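The values are calculated or read from the model by the stated rules, or taken from the named source; none is laboratory data. It should be emphasised that the depicted structure is a prediction, and the values quoted were computed from it without experimental measurement. Cβ coordinates were reconstructed from backbone atoms using ideal geometry, including for glycine residues, and neighbour counts include every protein chain displayed. To get the accessible areas, we keep the full protein, side chains included, count just its heavy atoms, and leave off ligands, DNA and RNA. Shrake-Rupley method; radii C 1.70, N 1.55, O 1.52, S 1.80 Å.
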Amino acid sequence: MADPIAAGARAILHVDMDAFYAAVEQRDRPELRGRPVIVGADPRRGHGRGVVATASYEARRFGVTSAMPISQAYRLCPKGAYLPVDMEKYSRVSDQVMQTLRRFTDLVEPVSIDEAFLDVTRSRRALGEPETIARALKEAIVGETRLTASVGVACSKLVAKIASDMRKPDGLVVVPAGTEAAFLAPLPVRRLWGVGPKLEETLLQAGIHTIGDLAGCDSARLERRLGVHGHDLVELARGVDDRPVRAEADEAKSVGQEHTFGADTADPKVLRATLLDLADGVARRLRSHGLTARTVTLKYRDEDFETVTRAETFEADTHAGEAIFKVAWRLFAGVHAGKRVRLLGIYASGFGGTPQLPLFTEPPSRADRVRDVLEERFGRGAVTGASLLPQPGRPGASRSRRRG
Ligand code: DCP
Ligand code: MG
């Protein structure tokens, strides 16, 4: 029998809906229940084209998986029901699920369309043990949406996320405090957060197959061998992960702008230009409110709907487009592994909120001032991305010519 999560530790839940798109379709079309359902067919391009977004568990028995070409799925499972993606509907259901989760705590961090972390440490007095909360939460989701979710309960995001995946569908896995390392040890290294295909290969070549192998490594030696991150990796393998659950409410206290691409893109020029444009927009909004910001947050969503946010704090407050872009670009470089990007956003927060020019920050650069004036006169869009502004000697402009 599992011990309850230790009283002083954090209680983190990871919730992930089961076969999400397919489950929504089976819910809405009873004739599809119990049948293999494959979502991702593109009716405009004929059923043989496109990739599988997801497959119901019945279809997975035939070997059909996400991201597989539809044509291959057809060969494996010719009797399946092939449906187009109805993004609007799934987004609506996703909102409903997130609302349900927020009844259990304010600390809900959605990470993709069907997945979220919750920190219920402070809900325990009112709602009971984390496992009790997890059961109530699963019931609430079924009650509100008639869909099932799998839940992992642990003291960290890393372990909770791996746990939610262990007994899908409709699973509940609790990893008691102190048993993280033992829980992780038999799993393959690729299950660890941050281990992509390239790093996996390097580790396998070094004879490190399981997370337990990794946990037993000397981090200094590993660091020499891998170049970087050795220490962090070994810590993660031992189940040490202090990342906080970040509620989206943070975004409300910030000035921000997002852009969803018409078609997902990996074109570095487009991505860079978009970030420049977003940084510019955020800087302009800050200036128009007389605000400066201390923290820049990048929101990044890839073609698989995986969403990450990364933040960095300045030494001094700023409202300059260039400074915001520089940080956003650095954060972007840290998360972008080459997948196609669906959405980018930049948020500025931690306001030095006096509605006047702050004393200790640089005044707006000449380029920023010029742009504000032009746009006030001619409207938004009168001036294009910062890199296109013809200002000789302006760092943003020359940098873009060099790298762009
Ligand atoms: N998705 C997609 N393309 C991918 C992966 C996922 O479009 N390559 C979409 C469809 C999924 C949804 O995102 O339904 C959620 O992704 P999950 O990885 O959570 O997969 P499922 O919820 O479908 O199945 P599981 O029960 O394994 O979580
Ligand atoms: Mg899911």
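Apply the a/c threshold of 1.5 to the C-alpha gyration tensor of the stretch 1-177 and tell me whether it is rounded, prolate or oblate. Present the calculation step by step, with values, prior to reporting the outcome.
Working: a/c = 2.59, a/b = 2.12, b/c = 1.22.
Here the stretch 1-177 falls in the prolate category.
Heavy-atom accessible area of C77 with all protein chains present, probe 1.4 Å, nearest 10 Å²?
Counting only protein heavy atoms, C77 exposes about 0 Å² to solvent.
Roughly how many nanometres apart are two label points built 7 Å out from the Cα toward the Cβ at R29 and L226?
Going by the 7 Å Cα→Cβ label model, 4.4 nm.
Could you tally the net charge around T274, taking each other residue with its Cβ under 11 Å from the Cβ of T274, Lys/Arg +1 and Asp/Glu -1?
Neighbourhood net charge equals -2.
With a/c under 1.5 counting as rounded, go ahead and sort the stretch 194-237 into rounded, prolate or oblate using the C-alpha gyration tensor (a ≥ b ≥ c being the square roots of the eigenvalues; past the cut-off, prolate if a/b is larger than b/c, else oblate). Display every interim value, and only then the final one.
Values: a/c = 1.32, a/b = 1.15, b/c = 1.15.
Note, shape of the stretch 194-237 comes out rounded.
Tabulate in residue order the Karplus-calculated ³J(HN,Hα) for the stretch 145-153, using 6.51 cos²θ - 1.76 cosθ + 1.60 with θ = phi - 60°, rounded to whole Hz; enter x for Gly and Pro.
With coefficients 6.51, -1.76 and 1.60, one gets 10, 6, 10, 9, 10, 10, 10, x, 10 Hz.
Considering only protein heavy atoms and a probe of 1.4 Å, how much of the accessible area of the stretch 194-237 is carbon and sulfur, as a whole percent?
Details: 1310 of 2610 Å².
Solvent-exposed carbon and sulfur of the stretch 194-237 make up 50 percent of the total.
For each pair in K161/K299; K89/K157; K299/K326; K79/K168; K138/K161, compute the distance between the two Cα atoms and list the pairs where it is over 22 Å. Before the final figure, lay out each step's value.
Values: K161/K299 20 Å; K89/K157 28 Å; K299/K326 15 Å; K79/K168 24 Å; K138/K161 16 Å.
As for pairs spanning more than 22 Å Cα to Cα, those are K89/K157; K79/K168.
In the stretch 81-205, how does Rg compare with the Kirkwood Rh, expressed as the Rg/Rh ratio over alpha carbon atoms? Please report the intermediate quantities before stating the final value.
On the way: Rg = 16.3 Å, Rh = 16.1 Å.
My calculation puts Rg/Rh at 1.01.
Note the full-extension length gain between V142 and K79 as 0.36 nm times their separation in residues minus their Cα-Cα distance, in nm to one decimal. Walk me through the intermediate numbers first.
Details: separation 63, 0.36 × 63 = 22.68 nm, distance 2.85 nm.
Value of the extension gain: 19.8 nm.
Could you compute the FRET efficiency for W193 and R285, with r as their C-beta to C-beta distance and R0 at 41 Å, rounded to 0.05?
Working: r = 34 Å, r/R0 = 0.82.
Efficiency at R0 = 41 Å is approximately 0.75.
Restricting to the stretch 7-117, compute how many DSSP beta bridges are antiparallel as a %, nearest 5. Numbers along the way, then the final one.
Numbers: 9 of 12 bridges.
The antiparallel fraction comes to roughly 75 percent.
Per residue Cα convex hull volume for the stretch 297-349, in cubic angstrom? Intermediate values should be presented prior to the final figure.
Details: hull volume 3.8 nm³, N = 53.
Per-residue hull volume (Cα only) is 71 Å³.
What does the accessible area of L343 come to, in Å² to the nearest 10, when a probe of 1.4 Å is used?
Solvent-accessible area, nearest 10 Å²: 10 Å².
Could you list which residues have their amide H under 5 Å from that of S150, counting only those 5 or more apart in sequence or on another chain, with H placed in the peptide plane?
Residues meeting the amide H criterion: D16, M17, D18, D170, G171.
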